[in-house]
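Student: The following block contains the structure, expressed as structure tokens.
The values are calculated or read from the model by the stated rules, or taken from the named source; none is laboratory data. Bear in mind that the values here come from a model prediction, so they are computed numbers and not experimental data. Here the Cβ positions follow ideal geometry from the backbone for every residue, glycine too, while neighbour counts run over all protein chains shown.
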Amino acid sequence: MGAWKKSKLLVTGVVAMGVLIGGIWLTASGGETMADMLLKYGYLEMLPPSHFHGPGTINTIEVTSDNRIKLHPTCDMDAQHLATLTQVSSTVDAMLVQKLNKSFHIAAQLKSMLSAEVGDQQVKDIVIQFKDVKIRLISEDRLLELQEKFINGTCQKIIEWNLRHSSTVCQTQAVLEADVVYTIVYAGHVTASERADITSKVTSQAQFTVVTQEDTKAQVIGKGLFFGVQLAPYGIFFNTPDAKATTCRL
């Protein structure tokens, strides 16, 4: 295999495919899903929110049979080094901030993802809110610098394996970051031990801690979590005469 190539980045366009990460849709009162809203601004929804797939990381894309997207970390990269190359902006598109400045009711799919035991009989609703929204991003030249630094040894071998099996390998260019708050509303008959168990299941899905635990509801918060991810437009590919870049913004 020759040197790795990354074609010139283009201006961000609207992602055309209705996709999501983690298999979850969030629905606002007007019927617009969180995934739909983020796609308009060039981001894929990432749920549960986490610290994974940050700017500069190399990930393999999996498109499932029902057209959902999952990201799989491909190479182990030094988080401290990535942090030195990442820019942070608290200036987010005003319209996006306005859309995010509301509560979103989580669809029933999230309850089933948390546990088969957490259903409508125990949980009346789960509401998500975003506070202190920021953009973390990395410049195009730094993306190439990271490829040259990390794509070798085992990282190179696993990328080769994925490409030979028709997978797409992409780098994250930007993420939406926020303090993410879940409010869990319990059904009236749920016992104290059941409430504690439900809250534990929610917090185990990501880096959340319990803020309040009451008879009727609980609130948990995750600090500085990524809930939207924007991939560089084109994937990593072999430096061979017949090699063609694959699109990462599906």
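Student: Give just the number: which of (1) in contact (Cβ under 8 Å) with a residue 40 or more places away in the chain; (2) at negative phi does Asp132 not satisfy?
Tutor: Condition not satisfied by Asp132: (2).
Each row is one residue, and each column tells you yes or no for (1) surrounded by 14 or more Cβ atoms within 10 Å (Cβ to Cβ); (2) in a loop (DSSP other than H, G, I, E, B); (3) at pLDDT 95 or above; (4) in contact with a Cys (Cβ under 8 Å, 6 or more places away or on another chain).
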| residue | (1), (2), (3), (4) |
| --- | --- |
| Gln147 | yes, no, no, no |
| Lys157 | no, no, no, no |
| Asn162 | yes, no, no, no |
| Leu176 | yes, no, no, no |
| Val181 | yes, no, no, no |
| Ile184 | yes, no, no, no |
| His189 | no, yes, no, no |
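Student: Residue by residue through the range 233-250, note down the ones that are among the hydroxyl-bearing types (Ser, Thr, Tyr), assigned to a loop (DSSP other than H, G, I, E, B) and modelled with pLDDT of 80 or more.
Tutor: If the condition is that a residue be among the hydroxyl-bearing types (Ser, Thr, Tyr), assigned to a loop (DSSP other than H, G, I, E, B) and modelled with pLDDT of 80 or more, then Thr246 is the only one that fits.
Student: Pull up the range 193-222, narrow it to residues that are among the basic types (Lys, Arg) and touching a Phe, Trp or Tyr at 6+ places or on another chain (Cβ under 9 Å), then point me to the one that is farthest from Arg136 (Cα to Cα).
Tutor: Only one residue fits best here, namely Arg195.
Student: In addition: Considering only the range 198-209, state which residues are free of Cβ contacts under 8 Å to residues at least 40 places away in the same chain and surrounded by 15 or more Cβ atoms within 10 Å (Cβ to Cβ).
Tutor: Passing the criteria: Thr199, Thr203, Phe208.
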